[in-house]
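Notes for the one structure printed next.
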Amino acid sequence: MTLRRKDLIGLEDLSRREILSILDTAEAFRSVFDRPVRSVPIMRGKTVVNLFFEPSTRTRISFELAEKRLSADIVNFSASSSSLKKGETLRDTAQNIEAMKVDMIVMRHSSPGAAAYLANVLDASVINAGDGAHEHPTQGLLDIMTMRQRLGNLEGKKVTIIGDISHSRVARSNIYGLTTLGAEVTVCGPPTMVPGAMAKLGARVEHDLKSAVADADVLNILRIQLERQSQMVFPSNREYSLLFGVTEDVLRQTKPDCFVMHPGPMNRDVEISSEVADGPRQVILDQVTNGVAARMAVIYLLSGGDPGQLGAPAA
């Protein structure tokens with residue numbers, strides 16, 4: 001099915017069919033990467049603007065590659081050299097960009113709700129590439145895509161997300177998408193990072209790492225979000241690592257086929273040990289590769305693309 005919506009702001013309001021349609025389309029695009037020519041002419045003549053107000057490496061490059069592989073025209077916006085520095089509002093900046101006849105805007109912003117705000121004032125499609133601690137929908141999609149490749153149907157599968165849940169947009173998108181697909185999600189970390197109220201999102205809250213990982217099919221380990229914390233929420237990196245860091249000892253307490261994910265960038269030997277990050281049970285680089293395919297799928301479907309034309313199921 002095509003996405004009957006103009007924008008992708010989050011996974012919270014996506015239906016099961018919509019999520020599966022994006023994932024199936026992403027798998028169809030994933031096969032393109034094995035060809036000698038890794039691009040398709042689907043978006044030729046369309047213009048996408050990457051509007052990033054926060055630093056980014058993986059997400060920005062991933063979106064740029066996705067756009068290039070779809071043959072779109074790309075404009076990269078630098079907030080540091082824009083008229084915003086002269087006092088122009090976000091709305092005026094975006095509407096001036098749209099007036100140049102662009103088709104889609106990919107935006108990362110530090111303020112929750114910024115992408116939804118732009119979507120309401122623009123006719124161009126808006127893709128949320130992360131808004132504060134709200135959502136990061138394409139990261140959620142690529143994470144779920146990676147899990148589905150290993151686990152198949154996610155119904156009843158157990159996913160444990162470990163780390164700074166309260167400040168994480170990735171955690172929220174994972175929880176919304178995974179629970180919609182029938183997975184059981186546990187969130188784990190110190191009480192200052194995983195308040196009990198997180199249960200309202202549909203996840204089980206656990207503060208004991210051993211209990212949280214015991215029956216998990218996958219561990220998704222999150223970076224400590226120091227830049228979003230107004231004060232220190234744990235005494236030291238060393239103490240966090242001792243209590244909640246995922247090490248080889250922790251993995252030995254999991255099921256033999258449990259695998260490890262991390263959205264990056266990693267704080268090695270804080271939330272994840274180097275042995276685990278480089279070990280045989282991690283699929284971290286698979287996530288990076290799948291990110292390009294997932295973003296290709298979102299761009300294609302928001303542009304009115306038909307998954308059936310790619311050989312993807314009609315959902």
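The values are calculated or read from the model by the stated rules, or taken from the named source; none is laboratory data. Note that the structure is predicted; figures quoted are calculated from it, not measured. Every residue, glycine among them, receives a Cβ derived from its backbone with ideal geometry; neighbour counts consider all protein chains shown.
Structure data summary
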read-out	value
Residue check for V250: farther than 24 Å from I42 by Cβ, β-branched (V, I, T) and assigned to a loop (DSSP other than H, G, I, E, B)	no
Identity of the residue in the stretch 51-82, crowded, with 18+ Cβ neighbours inside 10 Å and over 18 Å from L302 (Cα atoms), that ends up modelled with the highest pLDDT	T59
Qualifying residue in the stretch 86-96 (condition: over 18 Å from R295 (Cβ atoms), in a helix (DSSP H, G or I), of a type in the set (G, A, S) and modelled with pLDDT of 90 or more)	yes
Residues that are surrounded by fewer than 20 Cβ atoms within 10 Å (Cβ to Cβ) and in contact (Cβ under 8 Å) with a residue 24 or more places away in the chain, drawn from the stretch 29-50	R30, V32, F33, R38, S39, V40, P41, I42, R44, G45, K46, T47
Any hit, the stretch 11-19, residues being under 19 Å from M104 (Cα atoms), touching an Asp or Glu at 6+ places or on another chain (Cβ under 8 Å) and surrounded by 14 or more Cβ atoms within 10 Å (Cβ to Cβ)	yes
Matching residues, the stretch 285-294, being over 20 Å from L70 (Cα atoms) and in contact with a helix residue (DSSP H, G or I) (Cβ under 7 Å, 6 or more places away or on another chain)	D286
Complete set of residues in the stretch 220-237 that are in a loop (DSSP other than H, G, I, E, B) and modelled with pLDDT under 85	I224, Q225, Q229, S230, Q231, M232, V233, F234, P235, S236
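Listed here are the residues, each with its yes/no results for (1) within 22 Å of the chain's Cα centre (by Cα); (2) modelled with pLDDT of 95 or more.
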residue: D208; (1), (2): no, yes
residue: D215; (1), (2): no, yes
residue: V218; (1), (2): yes, yes
residue: E239; (1), (2): no, no
residue: P256; (1), (2): no, yes
residue: G264; (1), (2): yes, no
residue: D269; (1), (2): no, no
residue: E275; (1), (2): no, yes
residue: G279; (1), (2): no, yes
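The rows are residues; the columns are (1) buried (at least 24 other Cβ atoms within 10 Å of the Cβ); (2) without any contact (Cβ under 8 Å) to a residue 60 or more places away in the chain; (3) hydrophobic (A, V, I, L, M, F, W, C); (4) under 25 Å from Q253 (Cβ atoms).
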{"position": "I144", "(1), (2), (3), (4)": "yes, no, yes, yes"}
{"position": "D164", "(1), (2), (3), (4)": "yes, no, no, yes"}
{"position": "S168", "(1), (2), (3), (4)": "yes, yes, no, yes"}
{"position": "T179", "(1), (2), (3), (4)": "no, yes, no, yes"}
{"position": "V194", "(1), (2), (3), (4)": "yes, yes, yes, yes"}
{"position": "A197", "(1), (2), (3), (4)": "no, yes, yes, no"}
{"position": "A203", "(1), (2), (3), (4)": "yes, yes, yes, yes"}
